[in-house]
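S.K.: After the structure tokens below, expect a handful of questions from me.
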Amino acid sequence: MKAINLKVQNFYEQIGIDCNPIFMWELKEDLFQLAYKIIILDNKLENNILFDTGKVISGEQNNIEVNINLKSHTKYYYKVGVWNENNILNWSDTAEFITGIFRSEDWRAEWISKGTTKPFYALKEIKIEEDISEAYISISGLGQFKLAINGEKVGNHELDPGWTDYNKQIQYVTFDVKDYLKMGTNQFLVEIANGWYLGDTSEGRHFYTLDKGYKTFGSQLCLLAQIHIKFSDGREEIIITNDSWKTTQSETTLSNVYGSEDYDASLSELGQPILAEILQDDKKPKGKLTSQTHPPVIVKKVYDTVKITEPEKGKYIFDLGQNMSGFFEVHVKGEKGSKIKIIPVEKLTPQGKIDKTVETWSTYTLRGTGGIEVWKPSFSYAAGRYVQIEGATRRIEDKSKPYIADVKGHFITSASEDVGTFKCSDKRYEDIFSIILKSIESNLNHVHSDCPTIEKLGWMEPSHLMAASVMYNKNVDQLWGKIARDIREAQYGEEEYDTDSSKAAHEYGPGLIPSIAPRYAKFLKDWGDGSFWDITPWGSSILLAAFEQYRFYGNKKVLKENYNSAKKYLAYLKDKYDNYNSIYNKQGEERFLCHGLGDWGMYGGFGESRENTETAFFYVDLITMAKFSEVLGYKLDIEFYEKIAKEVLENYNKALLVKDPATGQWCYKAYDIKDKLTIMQANQAIPLHYNMVPEDKLESVKKAFFDSVKEHQFISGEIGLRYIFLTLAKYDHNDIVHDMIMQPKHPSYIRFVEQGETTLPEFWSDTARSRNHDMMGHIMEWFYSEIGGISSEDGYKNIRIAPHLTSGLTWVNCSYKGITGDVKVNTKLLKDKLLIEVTIPVNTTAKIYLPKIFDPMKIFCNGEEVHNSRYYEVYGGFIYNFEISVR
């Protein structure tokens, strides 16, 4: 047995590591790990051991935190020894990591500025006259920065640093810059632009939150950087940002975080560089400096134009064939000072003209070099498949305007590792899978955004509702950890209060977790739908998103980090629950939460079921908090939260669980529809999924649920949709799920595919405003957990394999790279037999449930006949080939 693919788990890149690193590894060969040992070295020589865990009797291979006193900007080496089940030790190859600057006293750099709200350059020249052994830079530019050394961009990151509440946390990024330096003079050039730190707009261009409570975090853009050079002779030099740096204006004249950017390449004279200003304490950013641990944003793919049209004279539309979040690159030739306008959009009108959702555009003013000039934004990404160019011509003989030669789309997304694959015999499944995956990727940035088009905000409900769908495709443990911190920092503090400016007059106070994180807006108005600022399934992310991290990655640390915030949030909700009568001027024993949006995004003319949805999620939060307490060993809290949960559930069932006089079946009524008994799909699915239904009424409620879906058409908002799919799967009705997603009319996934969409729109409509939302993409989870049949509840130590073939499927190939290793399930249906090949990683166990395709059956595993069983328990480290045939 040998440890492979060693990694500092709580950092995407193995640089910028701070104190208490968390380690993980995969394993090859043998069955189980008996024990492990981690040693950390200050060089590759094994006699220079700085830290040694000693032999730890444990099968754990991830989430292993090591408490060690590390030095800043230092390269460390480490090895992992593992003992197999026979107590035989083998050592891994040597791995390495590089630390950032994690002690405040190690930061010598000063925040510097040009004293402007517009993008600027900061410059520094240094001379190197000796051989370098190591060189690192830790850097943050607010709002966003781009670093070049000797004219070459450093790294492949885009839009650094991470988006945070800059009053509470500021992320810095560490780069290894040894290979960028040379003997002699070296120039460091940093461009700093606005981002969220100091929002900017002009000419009525879109800035969604400007009138919704957005406040700038500072009065001027600024930079902090510290360079650490280690020479071969042992000497070290530290260069810091201070008043020896110079600044000058940038050719970027507008940087709008919502997707508009102006660049004037004709500015040949940028002005004489001036010495930088050192920010005084009252002007410095307020947040604590932390290393950027989550995956950076990168360009994943560059799309070429597939079609060019001219629906209106002089307006050229370049079709890139794929809707995306991206930087749109122009190739243009013309006179100095001539300007073109670049308008990305997601859709066209029936006449082939652009159909703008928001007023977002960029401009490029030409340098006039005589050749083709290439430009794309650096700090502002937009969404679109189509790019309209104005002020240019496609006729090269027309010298009156710049000639537009080409447009490309640089698709940007989180660098989170791809971990899942899904292929099957029904191409429609693959097409649905594709549009959802592209939407997921378009919305994975420094937050999980709601869309790259309109809002770009970290609305929180998808971080648990879409978590499984995302996590089957991407390793987002570090990104979700960053989101968890954003949520904690967004929570209302002890003295913080707000009140809605509406008739509802919702009151917000200590403990509230608002609907977005970071807080780049304040939605303190009820537009008639309920509060957009206090929504239980949104705030529940403090518990439910973290628990999904635990399910997929075995991450207990996030449960611990979220624990106190979760306690405060549940106390806030319980206060509202207990005071239901006084808040809503009610009388009686009924108790509900009903301030939020209910089953938001409902298709059809029904109510949003606020009481049902908000109160159900309060119950789910309470039982999840009890699970947190159990995992973390807080025994007294288990009883405390289970007791409250029991009371909430009793009240919920007493008020909402009723008998349908027409059928005699028990069902959950939609509380907010008063004139008739309305049986909503989600109102049955959520309590069925979470085992909220009393045992003596379970079969009756199941019948009511199946009656509600008898047309094989889902009618649900984004909160309930996942639970409709999960509940149908729970009761072995994946055939109904199949029919639901294949409906010819909305709501339907295949409808979007057939309409030519390349990403998933926001609502079930051919004319939805955003064409790139993933919030309704819950069927992705079903592809993996039900059709592929791969799942786990404990970070893939114990794995469940239960594939299904629905409605004509003849083969499915599904794989998931779990935190413990690769899980693969390949299923193939022949005329008289079913073949299933299952791969399970070393150091795990699995239960394999075979679908009941034939009856009676002969079952073989790896060539030997086995008894027909409900499931088969197997050890990891092997491939299991099952053959199921007619006797």
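S.K.: So how many residues does the stretch 29-48 have that are under 19 Å from residue 94 (Cβ atoms) and surrounded by 14 or more Cβ atoms within 10 Å (Cβ to Cβ)? I'd like the intermediate steps shown before the answer.
M.R.: Taking the stretch 29-48 and keeping what is under 19 Å from residue 94 (Cβ atoms), we get 36-48.
Subsequent filtering for residues that are surrounded by 14 or more Cβ atoms within 10 Å (Cβ to Cβ) retains 36-42.
Qualifying residue count, the stretch 29-48: 7.
S.K.: If you check residue 146 against the conditions, is it closer than 26 Å to residue 416 by Cβ, in contact with a Ser or Thr (Cβ under 6 Å, 6 or more places away or on another chain) and open to solvent by 10 Å² or more (accessible area, probe 1.4 Å)?
M.R.: Working: closer than 26 Å to residue 416 by Cβ: yes; in contact with a Ser or Thr (Cβ under 6 Å, 6 or more places away or on another chain): yes; open to solvent by 10 Å² or more (accessible area, probe 1.4 Å): yes.
Taking the combined requirement at face value, the residue satisfies it.
S.K.: One residue is enough: does the stretch 150-169 have a residue meeting the conditions in contact with a Gly (Cβ under 9 Å, 6 or more places away or on another chain), surrounded by fewer than 23 Cβ atoms within 10 Å (Cβ to Cβ) and not in a loop (DSSP other than H, G, I, E, B)?
M.R.: Yes: one or more hits.
S.K.: Among the residues of the stretch 106-125, which ones are under 33 Å from the mean Cα position of the chain (by Cα), assigned to a loop (DSSP other than H, G, I, E, B) and among the charged types (D, E, K, R)? Give the derivation first.
M.R.: Our first condition is that a residue be under 33 Å from the mean Cα position of the chain (by Cα); within the stretch 106-125, this holds for 106-107, 109-113, 116-122.
Now narrow it down to the ones that are assigned to a loop (DSSP other than H, G, I, E, B): 107, 109-111, 116-119.
Passing the criteria: 110, 118.
S.K.: Now for a separate question. Please name all residue pairs, on different chains or six or more residues apart, with Cβ atoms under 7 Å, provided the first residue is in the stretch 402-430 and is under 19 Å from residue 162 (Cα atoms) and open to solvent by less than 40 Å² (accessible area, probe 1.4 Å) and the second residue is of a type in the set (Val, Ile, Thr) and assigned to a loop (DSSP other than H, G, I, E, B).
M.R.: Pairs that qualify, where the first residue is under 19 Å from residue 162 (Cα atoms) and open to solvent by less than 40 Å² (accessible area, probe 1.4 Å) and the partner is of a type in the set (Val, Ile, Thr) and assigned to a loop (DSSP other than H, G, I, E, B), are 416/476.
S.K.: Looking at the stretch 259-279, I want the residues that are under 30 Å from residue 383 (Cα atoms) and open to solvent by 30 Å² or more (accessible area, probe 1.4 Å) and have a partner that is among the small types (Gly, Ala, Ser) and in a strand (DSSP E or B) with Cβ atoms under 8 Å, at least 6 apart or on another chain. Which pairs are those?
M.R.: Qualifying pairs under 8 Å: 263/362.
S.K.: A further question follows. I'd like the full set of residues that are surrounded by 15 or more Cβ atoms within 10 Å (Cβ to Cβ), of a type outside the set (A, V, I, L, M, F, W, C), under 19 Å from residue 71 (Cβ atoms) and touching a residue at least 40 places away in the same chain (Cβ under 8 Å), limited to the stretch 97-118. Before the answer, list the steps.
M.R.: The initial filter retains those residues of the stretch 97-118 that are surrounded by 15 or more Cβ atoms within 10 Å (Cβ to Cβ), namely 97-102, 106-107, 109-118.
After this cut, where a residue has to be of a type outside the set (A, V, I, L, M, F, W, C) as well, the list is 99-100, 106, 110, 113-118.
Applying the additional criterion that residues be under 19 Å from residue 71 (Cβ atoms) yields 99-100, 106.
Matches in the stretch 97-118: 99, 100.
S.K.: Now for a different question. Which of the numbered conditions does residue 704 fail, given that it passes all the others? Conditions: (1) over 17 Å from residue 620 (Cβ atoms); (2) modelled with pLDDT under 95; (3) surrounded by 17 or more Cβ atoms within 10 Å (Cβ to Cβ); (4) of a type in the set (Gly, Ala, Ser).
M.R.: Of the numbered conditions (1) over 17 Å from residue 620 (Cβ atoms); (2) modelled with pLDDT under 95; (3) surrounded by 17 or more Cβ atoms within 10 Å (Cβ to Cβ); (4) of a type in the set (Gly, Ala, Ser), the odd one out for residue 704 is (2).
S.K.: So, in the stretch 333-356, exactly how many residues are open to solvent by less than 80 Å² (accessible area, probe 1.4 Å) and among the acidic types (Asp, Glu)?
M.R.: Here the count works out to 2.
S.K.: Within the stretch 196-217, take every residue that is open to solvent by less than 60 Å² (accessible area, probe 1.4 Å) and of a type in the set (Lys, Arg) and give me the one that is nearest to residue 361 (Cα to Cα). Before you say what the answer is, go through the steps one by one.
M.R.: Filtering the stretch 196-217 for residues open to solvent by less than 60 Å² (accessible area, probe 1.4 Å) gives 196-202, 205-209, 212-214, 217.
If we keep only those that are of a type in the set (Lys, Arg) too, we end up with 205, 212.
On the way: 205: 7, 212: 21 Å.
Residue satisfying both the conditions and the ranking: 205.
S.K.: Tell me, yes or no, whether the stretch 227-239 has at least one residue that is among the basic types (Lys, Arg), in a strand (DSSP E or B) and modelled with pLDDT of 95 or more.
M.R.: Start the filter on the stretch 227-239 by keeping residues that are among the basic types (Lys, Arg), which leaves 230, 235.
Next, from what is left, pick out any that are in a strand (DSSP E or B): 230.
In the following step, the residues that additionally are modelled with pLDDT of 95 or more were identified as 230.
Yes, some residue in the stretch 227-239 is among the basic types (Lys, Arg), in a strand (DSSP E or B) and modelled with pLDDT of 95 or more.
S.K.: Only one of (1) open to solvent by 60 Å² or more (accessible area, probe 1.4 Å); (2) in contact (Cβ under 8 Å) with a residue 12 or more places away in the chain; (3) farther than 27 Å from residue 253 by Cα fails for residue 313. Which number is that?
M.R.: (2)
Each row is one residue, and each column tells you yes or no for (1) in a loop (DSSP other than H, G, I, E, B); (2) surrounded by 20 or more Cβ atoms within 10 Å (Cβ to Cβ); (3) more than 24 Å from the chain's Cα centre (by Cα); (4) not charged (D, E, K, R).
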site	(1), (2), (3), (4)
546	no, yes, no, yes
569	no, yes, no, yes
575	no, no, yes, no
615	no, yes, yes, yes
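S.K.: Only residues that are in a loop (DSSP other than H, G, I, E, B) and buried (at least 22 other Cβ atoms within 10 Å of the Cβ): list them for the stretch 178-195, please.
M.R.: So in the stretch 178-195, the residues in a loop (DSSP other than H, G, I, E, B) come out as 181-183, 194-195.
Result: 194, 195.
S.K.: If residue 148 passes every condition in (1) free of Cβ contacts under 8 Å to residues at least 60 places away in the same chain; (2) aliphatic (A, V, I, L, M); (3) within 30 Å of residue 556 (Cβ to Cβ) but one, which one does it miss?
M.R.: (3)
S.K.: Next question, about the same structure. Filter the strands (runs of 3 or more DSSP E) completely within the stretch 758-865 down to those with at least 2 residues that are in contact with a helix residue (DSSP H, G or I) (Cβ under 8 Å, 6 or more places away or on another chain). Talk me through it step by step, then tell me what you get.
M.R.: Values: elements: 790-792, 798-801, 811-818, 821-829, 833-840, 845-848, 857-861.
Strands (runs of 3 or more DSSP E) meeting the threshold: 790-792, 811-818.
S.K.: Same structure again: Enumerate the strands (runs of 3 or more DSSP E) found wholly within the stretch 274-390, keeping only those where 2 or more residues are within 23 Å of residue 443 (Cα to Cα). Break it down stepwise before answering.
M.R.: Numbers: elements: 288-291, 297-304, 307-312, 315-333, 339-345, 362-365, 373-375, 382-390.
In the stretch 274-390, the matching strands (runs of 3 or more DSSP E) lie at 297-304, 315-333, 339-345, 382-390.
S.K.: Would you mind finding the one in 628, 640 that is part of a helix (DSSP H, G or I), of a type in the set (A, V, I, L, M, F, W, C) and open to solvent by less than 10 Å² (accessible area, probe 1.4 Å)?
M.R.: Numbers: 640 fails: open to solvent by less than 10 Å² (accessible area, probe 1.4 Å).
Matching residue, one of 628, 640: 628.
S.K.: Answer yes if at least one residue in the stretch 830-846 is open to solvent by 60 Å² or more (accessible area, probe 1.4 Å), over 18 Å from residue 732 (Cβ atoms) and free of Cβ contacts under 8 Å to residues at least 40 places away in the same chain, and no otherwise.
M.R.: yes
S.K.: Another question, then. Since residue 318 meets every condition but one in (1) open to solvent by less than 60 Å² (accessible area, probe 1.4 Å); (2) touching a Phe, Trp or Tyr at 6+ places or on another chain (Cβ under 9 Å); (3) closer than 27 Å to residue 482 by Cα, which condition does it not meet?
M.R.: The number of the failed condition is (3).
S.K.: Might you let me know whether the stretch 760-780 holds any residue that is of a type in the set (Lys, Arg), more than 29 Å from residue 322 (Cβ to Cβ) and open to solvent by 40 Å² or more (accessible area, probe 1.4 Å)?
M.R.: Step one: list which residues in the stretch 760-780 are of a type in the set (Lys, Arg), which gives 769, 771.
Adding the requirement that they be more than 29 Å from residue 322 (Cβ to Cβ) leaves none.
Looking through the stretch 760-780, none of the residues is of a type in the set (Lys, Arg), more than 29 Å from residue 322 (Cβ to Cβ) and open to solvent by 40 Å² or more (accessible area, probe 1.4 Å).
S.K.: Here is a further query. Go through (1) within 14 Å of residue 472 (Cβ to Cβ); (2) open to solvent by 10 Å² or more (accessible area, probe 1.4 Å) for residue 784 and report which single condition fails.
M.R.: (2)
S.K.: Contact list please: Cβ distance under 9 Å, first residue in the stretch 772-798 and within 14 Å of residue 825 (Cβ to Cβ) and in contact (Cβ under 8 Å) with a residue 40 or more places away in the chain, second residue open to solvent by 10 Å² or more (accessible area, probe 1.4 Å) and aromatic (Phe, Trp, Tyr), pairs at least six apart or on different chains.
M.R.: 783/433; 789/849
S.K.: Moving on to the next point. Could you list, in sequence order, the residues of the stretch 876-887 that are in contact with a strand residue (DSSP E or B) (Cβ under 6 Å, 6 or more places away or on another chain), closer than 30 Å to residue 29 by Cα and assigned to a strand (DSSP E or B)? Step through it out loud before you land on a result.
M.R.: Taking the stretch 876-887 and keeping what is in contact with a strand residue (DSSP E or B) (Cβ under 6 Å, 6 or more places away or on another chain), we get 876, 879-885, 887.
In the following step, the residues that additionally are closer than 30 Å to residue 29 by Cα were identified as 876, 879-884.
Residues satisfying the conditions are 879, 880, 881, 882, 883, 884.
S.K.: Sort out which residues of the stretch 719-759 are touching a His at 6+ places or on another chain (Cβ under 6 Å) and either open to solvent by 40 Å² or more (accessible area, probe 1.4 Å) or among the β-branched types (Val, Ile, Thr) (or both), and write them in order of number.
M.R.: Passing the criteria: 727, 736, 739.
Okay, residues lined up against (1) within 18 Å of residue 461 (Cα to Cα); (2) touching a strand residue (DSSP E or B) at 6+ places or on another chain (Cβ under 8 Å):
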position	(1), (2)
612	yes, yes
621	yes, no
629	no, no
664	no, no
676	no, no
681	no, no
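The values are calculated or read from the model by the stated rules, or taken from the named source; none is laboratory data. Keep in mind it's a predicted model, so treat the numbers as computed, not measured. Counting neighbours? That spans all protein chains shown, and the Cβs are built from the backbone with ideal geometry, glycine included. Ligands, DNA and RNA are excluded from the accessible area calculation, which covers all protein heavy atoms including side chains. Shrake-Rupley method; radii C 1.70, N 1.55, O 1.52, S 1.80 Å.
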